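The values are calculated or read from the model by the stated rules, or taken from the named source; none is laboratory data. Given the structure is predicted, the values throughout are model-derived calculations rather than measurements. The protein model used for the area step is the full one, side chains on, heavy atoms only, and it has no ligands, DNA or RNA in it. Shrake-Rupley method; radii C 1.70, N 1.55, O 1.52, S 1.80 Å.
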Amino acid sequence: MRSLIEDESMAKKPAAAVAPRLPQQIAKARKEGRTQQALDLARQLHKQLPVAQHRELLEHVMLERGQQLQGQGKLSDAATVYRNLLEFTSTPSLVAEGAGRLAMCGELAEALAAMPRVGDPRLRQGLLATIVDSALGQGPAGKNALPAELHAGFDSVKQAFAHYEVGRDEEARAALQAIGLQSPFLEWKLLLRGFLAYQANDDARA
């Protein structure tokens, strides 16, 4: 029995000895932009001491690693990190952020699949706006990835900008009428209306 107790005690000592240094190492790696090392260390810390504080730290380091990869144009690798974040976290704001980032990496279906996990209406609206922004950037493929109820708004934005680019301002304004105040395409409507006002020398409206 004594031997078993001693073995258990020895097994706990490395974690107790290493853990106090890890937060400092993680902070230094994050400050220096070494996000992969910070992520590896944060995983180690959470594995050794899986408390809420270390879980939250790991979540944020995951997000930072994904953002760095995304900024470097490594969208496939970034998407993998964001998927891992979504599997790991239950924090609504991080679910919304991770799903939005997935959409930016072109993974619209996965981003939409995360929507039910975001209960806050403000976060949901923001996530949906990010998804439709990415869909518009993808063209027809982006439209097909969206739910059918968003296709009309997608088409309206595309038509409005097409009219605007060839100088058909009135047709552009008419196309925008289909986009309501609760639409995730609202910011695109406001953007184009600003362009139209500026072109008409209506600085107040622009």
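Computed from backbone phi, the HN-Hα couplings of region 113-128 come to 5, 7, 3, x, 7, 10, x, 5, x, 5, 5, 5, 5, x, 5, 5 Hz, rounded to whole numbers (Karplus: 6.51 cos²θ - 1.76 cosθ + 1.60, θ = phi - 60°; Gly and Pro given as x). Karplus-based coupling profile of region 103-110, in residue order and whole Hz: 4, 5, 7, x, 8, 5, 4, 5, with θ = phi - 60° in 6.51 cos²θ - 1.76 cosθ + 1.60 and x standing for Gly or Pro.
What label, among (i) 23.5, 87; (ii) 24.1, 79; (iii) 17.0, 55, belongs to Rg and Dmax of the Cα atoms in Å computed from the structure on display? Here Rg and Dmax of the Cα atoms in Å agrees with entry (i). Mean-square fluctuations from a GNM of the chain, with a 10 angstrom spring cutoff on Cα atoms, peak among Gln125, Gln44, Gln24 at Gln24. Temperature 20 °C, viscosity 1.002 mPa s: under these conditions the Stokes-Einstein estimate for region 63-112, based on its Kirkwood radius over C-alpha pairs, is 209 µm² per second. Estimated from helices alone, the mean residue ellipticity of the chain at 222 nm is -24000 deg cm²/dmol (sum of -39500 (n - 2.57) over DSSP H runs with n ≥ 4, per residue). Dividing the alpha-carbon radius of gyration of region 79-177 by the rule-of-thumb value 2.2 N^0.38 Å gives 1.21. Surface calculation, 1.4 Å probe, protein heavy atoms: His151 sits at approximately 50 Å² accessible.
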